[in-house]
1. Please work out the Cα center distance from segment 9-83 to segment 87-139, rounded to the nearest Å.
2. Show me the ranking of peptides 193-204, 19-30 by mean Cβ neighbours inside 10 Å, starting with the highest.
3. Indicate the gyration tensor shape class of segment 104-187 (rounded, prolate or oblate), computed on the Cα atoms with a ≥ b ≥ c the square roots of the eigenvalues: a/c under 1.5 is rounded; otherwise a/b larger than b/c is prolate and the rest oblate.
4. Rounded to the nearest 500, what is the 222 nm mean residue ellipticity of the chain from helices alone, with -39500 (n - 2.57) per DSSP H run of 4+ residues and division by all residues?
5. How large is ³J(HN,Hα) for each residue in segment 138-145, as worked out from phi by the Karplus curve 6.51 cos²θ - 1.76 cosθ + 1.60 (θ = phi - 60°), to whole Hz, x for Gly and Pro?
6. Apply the Karplus curve 6.51 cos²θ - 1.76 cosθ + 1.60, θ = phi - 60°, to the phi angles in segment 52-61 and return the couplings in whole Hz, x for Gly and Pro.
7. If the reach is capped at under 27 angstrom between alpha carbons, list the lysines near Lys38, excluding any in the same chain fewer than eight residues apart.
8. For the chain, take every pair of Cα atoms, bin their distances at 5 Å starting from 0, and report each bin as a whole percent.
Amino acid sequence: MKFAPIVPIEYLDLVKERDYHLILPHLIENSDYASVYKAVDGFKILDNGEAEGLQPDPEELFRAANAVSAHEIVVPDTLRDADRTIEQCREFSKLAAKHPKYSYMAVVQGSDLAEIMKCFMFYQTQGWIQRVAFPRAWYELHRGLRASMAESMADELRRSFLGVHCLGANAFLQEPILLASIPGSNPISGMDTSLPASAAIAGEDLSIVSATTPRQDGFFEYPYKSTTHALMEHNINVYTGWCR
């Protein structure tokens, strides 16, 4: 299972040598951010901005994808709302058909298990969707839901999609270990989170702590500090180890 760390702009050197990236569209206006992700190697996923509360116009997603040479685009969705997410997917499919060079990832949304399954089964009917994403919001239903769903539905996930990406993470630090240790042919292809970076800003060492504080306001603008950089690099390495 691959891991895409999300870091403040002044710490982007920590992602340059990695081979799996999640790129946030609202930050592409920053020239340093855009140039780093334009140049990096590896697989590049362009997020749709919903988790940050900054979802751009669908057409803007394609301009952003082109600016950073993304490989995959996260289809627009609405947090916890399966019906609206399905509507957005239908609308977006017309644009996606005009841009076949990208692959597409659709987020499985819902406020309960019934809605989640409704959304998932809809995606199974959409041949243009290559991967699905399990969002961090599922934690509100059960902290281990993403791992249990991936394991119980592993065969169906592999038949229907190229993989599953876990969008974001939470303070349940055992989750990446559970996700990475699903037996057999693991359907989880990767995950992303800013947790190692935000923990470093708070002075928290992931090899020691059992819980972390929430991400700070102004996270992406956090200034460079050598001690924070060292701890952030360490935390990213720890989290990467959990994902293997």
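Only the coordinates and a few stated rules stand behind these numbers; no lab work does. No experiment lies behind these values; they were computed from the predicted model shown. With ideal geometry, Cβ positions are generated from the backbone for all residues, glycine too; neighbour counts draw on all protein chains shown.
1. Value for the Cα centre distance between the two parts: 17 Å.
2. Packing order, densest peptide first, comes out as 193-204, 19-30.
3. In terms of gyration-tensor shape, oblate.
4. Result for the chain, helices only: -11000 deg cm²/dmol.
5. Here the 3J(HN,Hα) series is 4, 4, 5, 7, 6, 5, x, 5 Hz.
6. 8, x, 9, 6, x, 4, x, 4, 5, 4
7. Reachable lysines: Lys2, Lys16, Lys94, Lys98, Lys101, Lys225.
8. The percentages, shortest bin first, are 1, 6, 15, 18, 20, 18, 13, 7, 2, 0.
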